[in-house]
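A short worksheet on the structure shown next.
Just so it is clear, none of the values below were taken in a lab; they were calculated from the coordinates. Nothing here was measured: the structure is a model prediction, and the numbers come from that model. Here the Cβ is made from the backbone with ideal geometry for all residues, glycine too, and neighbour counts use every protein chain on show.
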Amino acid sequence: MADSITRLLESLSTEDDPLETLTELKVAVNAVHPSALEDLVTNVPLNALFDCLNSSNGEQIAECSYVLKKLLDAHSPSIVLQQFREPLQRGVVHPRADVRELCLTEIYRCTDTIVHIQELVTCHDLLLHTVQSLADTELSVATMAGNVITRLGACEAGLRVLFTGNLLEELQRVMKESDVIRYRVYEVLVNLQAISPLALQYCSDSGLLTQLTGELSGGDVLVQVNCIDMLSSLAQSTHGLNWLEQQGVVGKLETMLTAADSDPMSSFYIPGVIKFFGTMASIRPDETMEHHGAFMKIVFESLDSRDPTMVKIAVETVGMVGSRPDGKMALEKQGNAWTDCLKQFGRIVLNPPTEMRMYGLTTLASLFSLQVTDHTEDQLSMLEGWFNTFSPKPMDTLMSIVQQPFQNLHCAGLAVLQALGNQPWAQRAMANFPGFVEYLVDRSTEKDKMGKEARYEVIKALVESSTALETFGSPFYLKLKEYYRQGPFYVRVQAEVAMEGSN
């Protein structure tokens, strides 16, 4: 088979119309298992195959690209960089977007380890074209280029090459081409800095992150909106959040929040500012609540807003803050404001529109979720109090939702039950609710894949709990274990037995 592939590759360079040979190559390559292909193609020349990309025949390019990907993937990244650097460099600037993406994808494969990244950073021209590809008109090409550049941040050698000399100058140049491309580069920088504090330091020293924060003071509100969204992503890492505080960005955003009533354009950017502080509160809940009280006040007020966008962002923010035990405790400290918030959630999950009900249920699932390792008397008691606060009859409320025919609502309700499933007090509430145990193990009430999987997750949470046997009793617990063992899609086979004398 290796001889066949080699012979076909060699014949490409002498043919005027190589399409037929490329088709034969495709068949030959597909006949070899990928694990065996590497041994077969060692030292097989691919120059003629790369040359077949220099054509206006779309079918030829498609066949060539297919074979080329198969054969390149059979080589180690080191061999690819050593033997095919120049053809890949030409491919990155090919007229067809699919070829450009193919070559960038192969370069991305060469960033899988620190050793390979250190080899890649010696390919200066290849990286220069990769940076230029951030300005590509095809988003898929630009995205793959961004993935390559982000991976360079995994080691200092990559950071040093990217943020010095021609590559940094090229980054600065492509950013000037348009607002879209500038923010495309910002996104790459934000993803890159998240890798490590060292990566953040290089990004900061380049001046490009400071340029991003400077856009917060611009006069274009849409640019501000995009900037705030990027800053929220930047704040997702502890070192990123620290950097933003040091740059005075957090204080500036709080000023925008408190002065929103006097700014007629604030409706555009306030959702983003709330999201930023929600991200911050999910990392440092107590500190955020204490020093940026205006944020949570606006969130609570927004739950009762007539603007569905503000209600949605407030609901999601509460879920983000309350996803961790320390965030839950910080919310509890809000006193009556938090009690009113929980009651508002009870109204949200019962009243239209359906989309908002689902957001509310998703947040309730986040609020009630508590890992077994975090089960303390205080946490469990607090969540039980929340459960009894959000609705006068919380189990009635949840069961009325999970028994509805609307699949999205039904599954969102089951997700809340799943979150509650490992907590003893919640298990008691379930066990005491009339008809709950019978409903839960009745497979006939689930008709589609999403519902079956959602119910199975509830079963799984109960079975894996150390207190379920004691709470529900042995007969029901055995039914739960059987359901769990059979899986979400089990169907009982009913045999038909012919009786003697029947027609």
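Some notes on this structure:
- Backbone N atoms of the stretch 37-67 closer than 20 Å to the 7 Å Cα→Cβ label point of E15 belong to residues 41, 44-67.
- Rg/Rg_ref, the chain, where Rg_ref = 2.2 N^0.38 Å and atoms are Cα: 1.25
- The simple Förster model, with R0 at 35 Å and r as the Cβ-Cβ distance, assigns S267 and S400 a FRET efficiency of 0.50.
- Once the Cα-Cα distance is subtracted from the 0.36 nm per residue extended length, the A97 to E438 segment shows a gain of 117.1 nm.
- Between T445 and R173, the simple spin-label model (points 7 angstrom out along Cα→Cβ) gives 6.6 nm.
- For peptides 317-330, 198-211, sequence by mean Cβ density within 10 Å, most packed first: 317-330, 198-211
- Straight-distance crosslink candidates among lysines, where the alpha carbon sits under 17 Å from K452 and sequence neighbours closer than 8 are dropped: K460, K479, K481
- Over the chain, relative contact order from alpha-carbon pairs under 8 Å, at least 6 apart, %: 6
- Mean separation of Cα contacts under 8 Å, 6 or more apart, over the residue count of the stretch 393-490: relative contact order %: 29
- For the stretch 293-423, alpha-carbon Rg and Dmax in angstrom: 13.8, 41
- Three-way shape label, the stretch 393-490, alpha-carbon gyration tensor, a/c 1.5: oblate
- Normalised by residue number, the volume inside the convex hull of the Cα atoms of the stretch 1-94 is 86 Å³ per residue.
- Dimensionless Rg ratio for the stretch 364-414, taking C-alpha atoms and the 2.2 N^0.38 Å reference: 1.29
- Cα centroid of the stretch 157-177 to Cα centroid of the stretch 310-337, whole Å: 41
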